[in-house]
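Derivation of every value follows stated rules applied to the coordinates shown; laboratory data play no part. Note that the coordinates shown come from a computational prediction; the quantities given were computed from them, not determined experimentally. So basically every Cβ, Gly included, is an ideal-geometry build from the backbone, and we count neighbours across all protein chains shown.
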Amino acid sequence: MRQNLKLSLVIPCYNEEDGVREVIGRCPREIDEIVVVDNNCTDRTAEVARALGAVVVSERRPGYGAAYKAGFKAAAGDIVVTLDGDGTYPPEAIPELVDTLVARHLDFLSACRFPLSDPKAMGLTNRFGNWVLTVAAMLLFFKPIRDSQSGMWVFKRPILERLRVTSDGMPFSQEIKLEAILKGFRFGEAHIHYGARIGEVKLQKWRDGWLNLSFLFRKRLGLL
């Protein structure tokens with residue numbers, strides 16, 4: 001627990017056997033529950049996660065958003081924390097992020113990767129794509145946000161009932177932030193250290209970037 005709040009960590013995984021081993025191993029003791037979502041893994045991700053004490057949930061619908069939706073249903077904590085299973089986000093920062101959420105009286109805190117502490121952790125095309133999507137989100141929704149694509153968030157679990165998150169894919173990450181802001185919840189960002197990925201890159205940058213951008217326009221126009 002932290003701040004007298006039970007913490008649930010949700011980690012979506014697609015073939016992250018090596019990454020999830022390191023991520024869980026680096027988790028601070030304050031985390032009460034780790035939920036790993038097996039999103040059609042063909043390696044030993046689920047087996048490794050169970051051996052390290054995580055609750056493993058299987059989600060057959062493919063997609064980042066589908067995995068998170070399954071993980072959120074299984075999470076029982078007062079606070080839900082998310083990060084990827086590839087080692088890029090720092091589980092060590094979770095206690096401090098929870099403290100920030102409480103101190104700033106926020107409902108949703110998104111971990112901001114920029115400026116990058118380690119420029120080698122993200123390629124130039126990925127940085128440019130993140131910038132384009134973040135600027136597009138700000139211009140379309142008239143809301144300030146520094147990192148719309150961050151995959152590490154800390155939020156109060158009860159707000160999930162009010163968020164209408166439609167995406168089952170990569171746009172889920174930007175949509176959940178926008179939903180929290182548009183629904184009037186207290187939203188903030190805090191800087192974190194972003195590191196190099198462990199294992200094979202799954203992101204298809206041009207395809208996923210276009211899907212995210214087109215999703216923003218469709219959501220703004222009410223077409224979802």
Seminar exercise, completed: Once amide hydrogens are built 1.01 Å from N within the peptide plane, the residues lying 5 or more places from R186 or on another chain with amide H under 5 Å from its amide H are D107, F108
Problem set entry | Relative compactness, the chain, computed as alpha-carbon Rg over 2.2 N^0.38 Å | 0.94
Exercise. Pairs K156/K183; K73/K177; K183/K205; K177/K219; K69/K143: which are spaced more than 21 Å apart, C-alpha to C-alpha?
Worked result: K183/K205; K69/K143
Exercise. Given a cut-off of under 8 Å on Cα pairs at least six residues apart, what relative contact order in percent is computed for the stretch 21-127?
Worked result: 25
Exercise. Given the options V98, V57, V201, which has the most mean-square fluctuation in a GNM of the chain, springs set between C-alpha atoms less than 10 angstrom apart?
Worked result: V201
Problem set entry | Whole-number percent relative contact order across the stretch 7-220, with pairs defined as alpha carbons under 8 Å at least 6 apart | 25
Exercise. If you put +1 on each Lys and Arg Cβ and -1 on each Asp and Glu Cβ, how big is the dipole of the stretch 66-162 around its Cα centre, in Debye rounded to 20?
Worked result: 360
Exercise. Once a ≥ b ≥ c are taken as the square roots of the eigenvalues of the Cα gyration tensor of the stretch 164-224, is the result rounded (a/c under 1.5), prolate (a/b larger than b/c) or oblate (a/b not larger than b/c)?
Worked result: oblate
Problem set entry | Candidates A103, A136, A111: whichever shows maximal mean-square fluctuation once the chain is modelled as a Gaussian network with Cα springs under 10 Å | A103
